1. Filter segment 75-100 for residues that are part of a helix (DSSP H, G or I) and either more than 15 Å from residue 60 (Cα to Cα) or among the polar types (S, T, N, Q) (or both) and give the result.
2. Go through (1) at pLDDT 95 or above; (2) of a type outside the set (Lys, Arg); (3) out of contact with any Gly (no Cβ under 8 Å at 6 or more places or on another chain) one by one and return the number of the condition residue 181 breaks.
3. Given the conditions (1) crowded, with 21+ Cβ neighbours inside 10 Å; (2) assigned to a loop (DSSP other than H, G, I, E, B), report the number of the one that residue 15 does not fulfil.
4. Of the conditions (1) farther than 25 Å from residue 22 by Cβ; (2) more than 15 Å from the chain's Cα centre (by Cα), residue 232 satisfies every one except a single condition; which number is it?
5. In segment 191-227, what residues are touching a helix residue (DSSP H, G or I) at 6+ places or on another chain (Cβ under 7 Å) and of a type in the set (Phe, Trp, Tyr)?
6. Is at least one residue of segment 40-49 surrounded by fewer than 24 Cβ atoms within 10 Å (Cβ to Cβ), outside any helix (DSSP H, G or I) and not charged (D, E, K, R)?
Amino acid sequence: MQSIDVLCVGATSYDFVFWVNRHPEPDEKMFAESFVRCGGGPAANASVMVSRMGLKSAFAGYLGLDLFGGLHLEELQSAGVNTELVVRGEYPTPLSSVRVNSAGERSLVNYRSANSDLHREMFNIANIHPKVILFDGHEPELSMSLLKEAPAMGILTVLDAGSWNSGTSQLFDKVDHLVCSAQFAYELTGISSPEPALKKLISYNRHVVITLGKEGVVWSNTGGEGRIPAFHVAVKDSTGAGDVFHGAFAGCLALGKGWDDILRYSSAAAALSCTRLGGRTGIPEGVEVERFLEESCSKDETTKGRNGC
């Protein structure tokens, strides 16, 4: 049996990221200042973050038998991610076109064939017993099957809930940790304010984190509740920041870190990812995150008490 720290289950894409001074107007043509192409997808990016923390990660998801599927698979393997549970097939690899403006704000268009959804019988997980499973909601049938097996195997589970959809709606109240976007929280609760939405969500799940981008995170669990401000960085591109946060969160759970340390580390990793262009290319190494945390907390006395320092 292989020793896996975190298994990430869900979406892939191959991303084409264009950096522009501003988002174009209707019918306008413009040139990009910078361009990168790389693998992407919430769970796939999270698996790379886990690996860059020096942990053993695995990814379960779909890639087509096309050029982009091959390039993405090579990226994952080069990053040290176990890809035994990657399924490749005739349907095209999901693709994303991402435009990022000078403020680091992004717009994204994704294409994924509905026929590429994975089924439980396509997998053999007998040799993989992870400490933590991270779901992103994009493979609901497979995720529900794994979720049913996890408690008996002592596996912790985390949901990356970016938006309310068929997958996240099935998983959010069944996982051990719900880590969701403000969009998901507001859509589910009908409340458009973080703390009140959090109070509603805690009735569904005992451990809830709402990520708020540049406003940081709010959280509530059996030990209390609170808010952690975001780290201040020069934002180049926010693409994939949430993926990095979730991967770091799952990795810290696998390491058995305390709650405050989990949130500080995950927030720092996400902040660092925003300083580079591209979701995958922006994922930091674990040593970078540790150094960033040390520097941020020791810079001067004004940082004391921020971000859990």
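The values are calculated or read from the model by the stated rules, or taken from the named source; none is laboratory data. Quick caveat, the model's predicted, so the values are computed rather than measured. Here the Cβ positions follow ideal geometry from the backbone for every residue, glycine too, while neighbour counts run over all protein chains shown.
1. Restricting attention to segment 75-100, the residues satisfying the condition of being part of a helix (DSSP H, G or I) are 75-78.
Residues satisfying the conditions are 77, 78.
2. All conditions pass for residue 181, except number (3).
3. (2)
4. If we test residue 232 against (1) farther than 25 Å from residue 22 by Cβ; (2) more than 15 Å from the chain's Cα centre (by Cα), just (1) comes out false.
5. 219
6. Filtering segment 40-49 for residues surrounded by fewer than 24 Cβ atoms within 10 Å (Cβ to Cβ) gives none.
For segment 40-49, residues surrounded by fewer than 24 Cβ atoms within 10 Å (Cβ to Cβ), outside any helix (DSSP H, G or I) and not charged (D, E, K, R): absent.
To keep it simple, each residue is scored yes or no on (1) in a strand (DSSP E or B); (2) modelled with pLDDT under 95; (3) of a type in the set (A, V, I, L, M, F, W, C); (4) within 24 Å of residue 68 (Cα to Cα).
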| residue | (1), (2), (3), (4) |
| --- | --- |
| 102 | no, yes, no, no |
| 110 | yes, yes, no, yes |
| 125 | no, yes, yes, no |
| 142 | no, yes, yes, yes |
| 159 | yes, no, yes, no |
| 173 | no, no, no, no |
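Conditions (1) surrounded by 15 or more Cβ atoms within 10 Å (Cβ to Cβ); (2) of a type in the set (A, V, I, L, M, F, W, C); (3) farther than 27 Å from residue 19 by Cα, marked per residue:
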position	(1), (2), (3)
81	yes, yes, yes
89	yes, no, yes
111	no, no, no
119	no, no, yes
